[in-house]
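The values are calculated or read from the model by the stated rules, or taken from the named source; none is laboratory data. It should be emphasised that the depicted structure is a prediction, and the values quoted were computed from it without experimental measurement. Virtual Cβ from ideal backbone geometry, glycine too; neighbours counted across all protein chains shown.
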Amino acid sequence: MKSHTVYLTFHTQKRKEMVPITEQVEQIIRDSGVQEGLALVSAMHITAAVIVNDYEPGLWQDIMEWAEKVAPENPNYRHHRTGEDNGDAHLKNILMHSQVVIPITRGKFDAGPWQQIFYMEFDGQRDKRLLVKVIGE
Amino acid sequence: MKSHTVYLTFHTQKRKEMVPITEQVEQIIRDSGVQEGLALVSAMHITAAVIVNDYEPGLWQDIMEWAEKVAPENPNYRHHRTGEDNGDAHLKNILMHSQVVIPITRGKFDAGPWQQIFYMEFDGQRDKRLLVKVIGE
Amino acid sequence: MKSHTVYLTFHTQKRKEMVPITEQVEQIIRDSGVQEGLALVSAMHITAAVIVNDYEPGLWQDIMEWAEKVAPENPNYRHHRTGEDNGDAHLKNILMHSQVVIPITRGKFDAGPWQQIFYMEFDGQRDKRLLVKVIGE
């Protein structure tokens, strides 16, 4: 079994941002030399997420507005008594889920026609890391 | 390491539907010959989902109504400016999550007493694909 | 490829509870002898969840209150016609997701600075099982 682990760092300009990362993940898969296996793409922070969805900027705004509606900013979260102000980002992380598992077939992301991978930042403007671990043969 | 990949196609009669797939996944696991490993069960579309839950039709309706409440149909999604009308299906995909990882022990889905696998269609009435990739030994 | 499977049992005092399990998962990873691989941490019940988030009790209360708001208790779920009263727990399972995949690098949970693993019980006060399956080399 081969394994190959890469850490990507994101530092978004805005606090909340959706970053396409399909090409970076595909490059990591190629570099791994794995032909058949799985790639775990997982945020290393609990105020960010990773999703697979459509490459369509209008939809990205819909997704961000929906996340805000279901897991809104709110000054009254108990978490803020620790001095933090990112309670909503923790809830958005849970709502959107912090990881996806990517199938690798014949050395490539075995994707459907519209499947693109995105890093979702909910508390950015600082360095945040993401792990990609490829295992297989 | 063995790997075994199967693509299932669903074409639901209704636009939104919950389809039990445990038996199909169990057959794919048997066909793989894998005794110890993992099976990724992942929708190849971003308007469908895969979940593990209970085989109880009343609950299925509860789940569908809940999805509608949390990620409702709405003509005003920005995504619809592209000509699409399935913005809610993209949000339901994110809410329900598009994949599960199934543990395989002694050649079988290592399930709890009530765990059944379901494909959830949110924009059907056309061919949609699902990938099952088994890895292990 | 090595594999190592452990079943943990939880019996919470309260019906709904958040239980830190990072140390138990790390011990299982050490016991597996796997240096490079993945650990699937998956509830075997469909009224519980597994998440990665922050070790901060104020936040835990925020998370539980948020789950209650998005997937509330409600006597009118159809599922309750079967004699059950835990419809909300099934929806919370879907909302929070029943599993996480943990990356293992150099024999350890390859975690970001704040990533801790939690079992989330939504229908406890009875024995409930969780599976940890480690695969790798």
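Brief remarks on what is shown
- On the stretch given as the stretch B:88-112, residues that are touching a strand residue (DSSP E or B) at 6+ places or on another chain (Cβ under 9 Å) and either more than 15 Å from B:VAL52 (Cβ to Cβ) or of a type outside the set (Val, Ile, Thr) (or both) total 16.
- Unmet requirement for A:ILE94, which otherwise passes all of (1) among the β-branched types (Val, Ile, Thr); (2) more than 12 Å from chain B (Cβ to nearest Cβ); (3) crowded, with 21+ Cβ neighbours inside 10 Å: (2)
- Evaluating A:GLU121 against the criteria (1) farther than 17 Å from B:GLN99 by Cβ; (2) facing another protein chain (nearest Cβ under 10 Å) leaves one unmet condition, (2).
- Taken over the stretch C:101-115, the residue count meeting the criterion of being of a type in the set (Val, Ile, Thr), at the interface with another protein chain (Cβ under 7 Å from one of its Cβ atoms) and within 20 Å of A:HIS90 (Cα to Cα) is 1.
- Residues in the stretch B:112-137 that are under 28 Å from C:ASP127 (Cα atoms), in contact (Cβ under 8 Å) with a residue 60 or more places away in the chain and assigned to a loop (DSSP other than H, G, I, E, B): B:TRP114, B:GLN115.
- Any hit, the stretch C:126-137, residues being facing chain A (nearest Cβ under 10 Å) and β-branched (Val, Ile, Thr): yes
- Verdict on A:LEU8 being within 9 Å of another protein chain (Cβ to nearest Cβ) and at pLDDT 95 or above: no
- Any hit, the stretch C:58-70, residues being touching a helix residue (DSSP H, G or I) at 6+ places or on another chain (Cβ under 9 Å) and more than 12 Å from chain A (Cβ to nearest Cβ): yes
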